[in-house]
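Every number in this text was worked out from the coordinates using simple rules, so none of it is lab data. In this text the structure is predicted, and so the values were computed from the model without any measurement. Glycine gets a Cβ as well: all are built from the backbone with ideal geometry, and neighbour counts include every protein chain shown.
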Amino acid sequence: MSTSLTIIDVVHSLDGATVELSRGDERATMSLDALGDAAVDAALAVVEAALRAGSSLDEAVLSGAQQPEIAGRCRRRATPHGITVLDDTGATTATEVRRSLKVLADATRGVTRSFAVVGELVTEPTDWFDDHDQLGRLVVRLDISQLIVVGHGARHTATAAGLEGSWDGESLLVDDVDAAYDELRARLRPGDAVLVTAAGISPLDALIARLTEDTA
């Protein structure tokens, strides 16, 4: 039997990811406790390997569903105060960060407010302007509630978002992690979700630590 696998749909929520799959006439749903495209990609690799080894689609999906969260890629850090922190500090490139922003938007749309904390992208000097510009405009298109950009090197992400007049959200440019933390603590309330991403040049791990410690 052919092992060709088709991805019908992927839905992210703050509880995890749901992936609709088909192979020929077979269909199956894979429910992951993890969320984020990196975790979904890893789970799909497990499913495809199981299919090649002769498993049925249902058996392969059960194997893939065991995929744990991936450190630094939309890994949830829930707090007792009901704030969900998504540690995406392992995402550094424009492609990775764009995918994670889409996950944040999908998981929170119609459910809760979404906050994105973004550092400077790892990119070629010739691509710096366009990559940061596109990122800021994507935040607007995704209707993320609040954008906080950390560091002068990422400034154009904030500028590009601010130029989009149709956006109901807010863009802030701050100097460092301490300032980002202060802005978040002044705005966050129970139920909100915060994505911390693009940490390849200016490390943002300290922000994750402070947020989770302070809200615990």
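Taking 0.36 nm per residue of separation and subtracting the current Cα-Cα distance, fully stretching the chain between His81 and Ile8 would add 22.7 nm. Based on DSSP H segments of at least four residues, each scored -39500 (n - 2.57), the chain has a per-residue ellipticity at 222 nm of -11500 deg cm²/dmol.
With one equal scatterer per alpha carbon and no solvent term, the Debye-computed log10 I(q)/I(0) for the range 1-118 at 0.11, 0.12, 0.22, 0.23 1/Å reads -0.38, -0.45, -1.17, -1.24. Between Ala71 and Asp25, the simple label model (points 7 Å from Cα in the Cβ direction) yields a spacing of 4.6 nm.
Using +1 at the C-beta of Lys and Arg and -1 at the C-beta of Asp and Glu, which of Val139, Gly151, Gly191 has the Cα lying farthest in the positive direction of the dipole of the range 101-192? With unit charges placed on the Cβ atoms, the residue in question is Gly191.
May I ask you to compute the full-extension gain from Asp33 to Glu59, defined as 0.36 nm times their residue separation minus their alpha-carbon distance, rounded to one decimal in nm?
The span from Asp33 to Glu59 would gain 7.6 nm if fully extended.
For the residues Ala78, Ala43, Ala94, a GNM of the chain with alpha-carbon springs under 10 Å puts the largest fluctuation on Ala78. Of the beta bridges in the chain, as assigned by DSSP with both residues counted there, near 50 percent are antiparallel.
Mind giving me the FRET efficiency for Asp175 and Ala209? R0 is 25 Å, r the Cβ-Cβ distance, nearest 0.05 is fine.
Values: r = 19 Å, r/R0 = 0.75.
The computed FRET efficiency comes out at 0.85.
Computed from Cα positions, the angle between helix 205-214 and the longest principal axis of the chain comes to roughly 90 degrees.
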